[in-house]
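The values are calculated or read from the model by the stated rules, or taken from the named source; none is laboratory data. All figures in this text were calculated on a predicted structure; none of them were measured in a lab. All Cβ positions, even for glycine, are placed from backbone atoms using ideal geometry, and neighbour counts span all protein chains on display.
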């Protein structure tokens, strides 16, 4: 980085700080829209498009970027407190976040999540800035074959979740994959398993599935208890100690934050891949290489850090192909592209020569947003965590009504509310009979993507299955995938042997 | 392995609901792709085939549990009399009603009715005044944020139409 770039970056950073009056309210807006299933940064920017277009370019960019970052972080808050991920990108967060809340550690969990999100987001922003030309090429090298392996990294999480009861876990995961196959196939558009509903021709919409499996089913389960938090773990009065404990726990695991956020960054730069894939892959990798994999799913801080750091790493990743190549990495980036084009911004490498303040300004807006978010949101964790002490007789109906309507929002079909209810019944049965709803959801989210890349690969090779091993990068990823399955088993066996030695 | 005599028998009937649903759905799915091009079949046959295999293993496991007397074909893990006492059945009925009538009554009115009735059921009629107050407040906040401020296309009914007329003329 030469001195002129450094001076531009410094100048832009301080200029962006001057927009605090836009960033602070936008952060709170982002936390709200991110936390309600069905709302997201993308559709909020669309709804507020007239406002965004009326603002000058710099203000509009700061608004969109801070909303994007805050919504990503906001999706994790209900996931931790009430087991309801605000978006599919936070679907792996409740695996360990919610058990922490039930143990009365909601405040700690929120602090851990905020630190992981902010450091992950901030760090990947810096890395994205520094390595932009290299990262921009990642999208070119990731073809359908390579994407199959990336999907398998995420899907293999089903096996990890299934560890307690392998047969039931596999039934849940593969049922999810089957449900995810509903809709038309990507090559000939043949309808499959749609029960004759036109609304299912595009596949199973994710938000109703998420709402039903997590929110509705959880609401029916929590009414058995007076409050969410376990009786003997009721949280103390608001205090700073738990927040600082959470910060300390997260900072102690800084290496974990770094590598899981980099997973998010790399997946984020691949157009079409998203936060949900990144968080599942990061969780699976984190568990695979952990010294205490058996603690995952029970309220383990590392199981919370991994998905949160990764899905915030995705936010900076999606900007790279947008700015360098003009290819949006996700829905929000696509909307940003429209707004920036309206203001006459042209993308590509020339952006950083002709309008460096715009190019670098987007990353700086992200960095500033994360810094301000950390300072404004962290103190609130002590109050937010008290959602877990609201009596369930009030909380459960509120969860059901607002999330069911959230299921309606993305496509505005009444059908989607019925679908959310049907998924709610499925989720409730699954919870009561020992099947993991997260395994079903992983299948529903990643199944269609895996099938799409698989069919594209087969189509390109005229049905030759060996195409899966035809590329160098693909083969490297296959080896990495095999290692990520085998090495944890080897480490586990060695640990077991070490523990057995003293007994002998 | 000797079973614990104090432990209630495993309710296998409830545990079989999802595998039976999975098998039924997979067979239905296969029937919809039987004459389709291979692109529509390949992934479904692979995933569905494996799912049928795992379900078959689970069925065999259940038969073994039943033969050893470690479980019954009961559904106590899914439905019990407690579901009536805790208000779960009532909550399910109001939820179904919410989804069915929201299109006709609109978001605000239906949300108020749903929240008030469900909370009253769960609270067994206690704190009626507070419940009605909180239900009204939540429904109005929902209307103000989602419909008035964000202009989201939530289902609209009498209340939303009236408020829109009031706003336009006010």
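Any idea how many residues of region B:60-87 are within 30 Å of residue B:126 (Cα to Cα) and modelled with pLDDT of 90 or more? Write out each step before concluding.
Narrowing region B:60-87 to residues within 30 Å of residue B:126 (Cα to Cα): B:76-87.
Then drop every residue that is not modelled with pLDDT of 90 or more, which leaves none.
The number of residues fulfilling the criteria is 0.
Could you check region A:219-233 and list, in sequence order, the residues that are at pLDDT 85 or above and assigned to a helix (DSSP H, G or I)? Once the filter is applied, which keeps residues that are at pLDDT 85 or above and assigned to a helix (DSSP H, G or I), region A:219-233 yields A:219, A:220, A:221, A:222. Inside region A:412-449, residues that are farther than 20 Å from residue A:98 by Cα, within 7 Å of chain B (Cβ to nearest Cβ) and either touching a strand residue (DSSP E or B) at 6+ places or on another chain (Cβ under 7 Å) or part of a helix (DSSP H, G or I) (or both) make up a count of 4. Just one of the listed residues (B:90, B:142) is out of contact with any strand residue (DSSP E or B) (no Cβ under 9 Å at 6 or more places or on another chain), surrounded by fewer than 20 Cβ atoms within 10 Å (Cβ to Cβ), touching a residue at least 24 places away in the same chain (Cβ under 8 Å) and closer than 18 Å to residue A:396 by Cβ, and it is B:90. When the helices (runs of 4 or more DSSP H) confined to region A:41-109 are screened for residues that are within 14 Å of chain B (Cβ to nearest Cβ) and at pLDDT 85 or above, those reaching at least 1 such residues are found at A:57-74.
Taking region A:313-359 as the range and being buried (at least 23 other Cβ atoms within 10 Å of the Cβ), over 21 Å from the mean Cα position of the chain (by Cα) and more than 15 Å from residue A:135 (Cβ to Cβ) as the test, only A:340 passes. Of everything listed in (1) part of a helix (DSSP H, G or I); (2) under 24 Å from residue A:93 (Cα atoms), the single unmet condition for residue A:478 is (2).
Hey, any hits in region B:69-84 for a residue that's outside any loop (DSSP other than H, G, I, E, B), within 25 Å of the chain's Cα centre (by Cα), more than 30 Å from residue B:164 (Cα to Cα) and more than 9 Å from chain A (Cβ to nearest Cβ)? Full working, then the answer.
Residues of region B:69-84 that are outside any loop (DSSP other than H, G, I, E, B), as a first pass: B:71-72, B:82-84.
Checking which are within 25 Å of the chain's Cα centre (by Cα) leaves us with B:82-84.
Filter once more, so that each one left must be more than 30 Å from residue B:164 (Cα to Cα): B:82-84.
If we keep only those that are more than 9 Å from chain A (Cβ to nearest Cβ) as well, we get B:83-84.
Yes, region B:69-84 contains at least one residue that is outside any loop (DSSP other than H, G, I, E, B), within 25 Å of the chain's Cα centre (by Cα), more than 30 Å from residue B:164 (Cα to Cα) and more than 9 Å from chain A (Cβ to nearest Cβ).
Scanning region B:22-51 for residues that are in a helix (DSSP H, G or I) and more than 8 Å from chain A (Cβ to nearest Cβ) yields B:23, B:24, B:27, B:30, B:31, B:41, B:45, B:46, B:49. Picking from residues in region A:402-411 that are more than 10 Å from chain B (Cβ to nearest Cβ) and in a loop (DSSP other than H, G, I, E, B), the one that is farthest from the chain's Cα centre (by Cα) is A:411. For region B:118-134, which residues satisfy the criterion of being surrounded by 16 or more Cβ atoms within 10 Å (Cβ to Cβ), touching a helix residue (DSSP H, G or I) at 6+ places or on another chain (Cβ under 6 Å) and without any contact (Cβ under 8 Å) to a residue 24 or more places away in the chain? Those that are surrounded by 16 or more Cβ atoms within 10 Å (Cβ to Cβ), touching a helix residue (DSSP H, G or I) at 6+ places or on another chain (Cβ under 6 Å) and without any contact (Cβ under 8 Å) to a residue 24 or more places away in the chain: B:119, B:120, B:123, B:131.
Mind checking which residues of region B:75-87 are in contact with a helix residue (DSSP H, G or I) (Cβ under 6 Å, 6 or more places away or on another chain) and buried (at least 17 other Cβ atoms within 10 Å of the Cβ)? Walk me through how you get there before you give the answer.
So the first thing to find is which residues in region B:75-87 are in contact with a helix residue (DSSP H, G or I) (Cβ under 6 Å, 6 or more places away or on another chain), and the list is B:75, B:77-78, B:83, B:87.
If the condition is that a residue be in contact with a helix residue (DSSP H, G or I) (Cβ under 6 Å, 6 or more places away or on another chain) and buried (at least 17 other Cβ atoms within 10 Å of the Cβ), then B:75, B:77, B:83, B:87 are the ones that fit.
Residue B:54 falls short of the stated requirement of being at pLDDT 95 or above, assigned to a helix (DSSP H, G or I) and closer than 20 Å to residue A:431 by Cβ. Restricted to region A:163-218, and to residues that are free of Cβ contacts under 8 Å to residues at least 12 places away in the same chain and in a helix (DSSP H, G or I), which residue is surrounded by the most Cβ atoms within 10 Å (Cβ to Cβ)? The qualifying residue surrounded by the most Cβ atoms within 10 Å (Cβ to Cβ) is A:167.
Scanning region B:3-40 for residues that are buried (at least 16 other Cβ atoms within 10 Å of the Cβ), in contact with a strand residue (DSSP E or B) (Cβ under 9 Å, 6 or more places away or on another chain) and closer than 26 Å to residue A:452 by Cα yields B:29, B:32, B:33, B:40.
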